[in-house]
């Protein structure tokens, strides 16, 4: 599989990375069989995937532990493991302790890519802890960066980066040391195109895209928006009145989203490729994206997702998809925190 380089550290990632959020099982994704995890990880390597993405927050650490079990027997220098530190845990001593805990769970001597999961401010942090002391006195990004530099010097991490940081947040960091910024990006989530994605490209920061299939919506497994499970209808694409789990409080962009999905289906019918293949290939056509994550619960899903690498998408069809989804991009605006209102965007 083709690889792209994160220019700052020279880290090369496969076009498609394996997202490990469901590994270990949990309330959000349900149970996940460890044998299936083992098979997905080994099949990923066989298919040329070298990047595996997890976080300490995923299933309360079980994702990291599950990945650690799955990589047994795989040469460590042949894979790249990325994990993320929760923003509430970025005080110096706490960050060091949590990094070491991640190392133990993954059963590795080093982490290739260690990322700050969300910006460090009260609104972001309250999604990770109820401790009012931390919420009122959040860790400072400067201190976190110094600690990450020390962990790198000690060999516990090889590179560090961030996740969900907007251009304004990035401008406060030592850009030449930031390996990647992990961002949501797909046909229906294009807000990073306004200024964050160009800023990363200009400054040599690799971009790992997540939510490639918008949690199944762009896999075309739901006939209508009403058929989409409530947990997948919490983003700003949907009217907040449609589910009590929603917290953004906005009217959504259902008309624009419906029209976009209809248009994408038309292109799929013309081309003979699945919506998942078209959606993933569209992401890969953007040279500013280093790697896009795709979650697979079993080898069958993995193989179907990897087909997108060889799915042809000419410039005309790419431009057509851009135009079809532009109304959604314009309606949602320059806010890529899709679970909060524009006013409460945690990335700003």
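Annotations for the structure displayed:
- Full-extension gain in nm, residue 1 to residue 60, via 0.36 nm per residue minus C-alpha separation: 18.1 nm
- Proxy reagent accessibility, fewest Cβ within 10 Å first, across 231, 118: 231, 118
- Euclidean distance between Cα centres, the stretch 107-139 to the stretch 254-289, Å: 34
- Fluctuation leader among 176, 256, 226 - the chain, Gaussian network, Cα springs under 10 angstrom: 226
- Counting every other Cβ atom within 10 Å of each residue's Cβ, 67, 293, 170 order from fewest to most as 170, 293, 67.
- FRET efficiency, residue 31 to residue 245 (Cβ-Cβ, R0 25 Å, nearest 0.05): 0.75
- Footprinting exposure proxy ranking of 99, 291, 268, fewest other C-beta atoms within 10 angstrom first, gives 268, 99, 291.
- Gain in span if fully extended, residue 316 to residue 265, counting 0.36 nm per residue against the direct Cα distance: 16.7 nm
- Average 1/r across all pairs of distinct alpha carbons in the chain, invert it, and you get the Kirkwood radius: 20.4 Å.
- Estimated FRET transfer efficiency (residue 133, residue 168; beta-carbon r; R0 30 Å; 0.05): 0.65
- GNM top mover of 110, 222, 338 - the chain, alpha-carbon springs below 10 Å: 222
None of the figures in this text is laboratory data; all of them are computed from the coordinates on show. Everything numeric here is computed off the predicted structure, so don't read it as measured data. Neighbour counts are summed over all protein chains in view; Cβ atoms, including those assigned to glycine, are modelled from backbone coordinates with ideal geometry.
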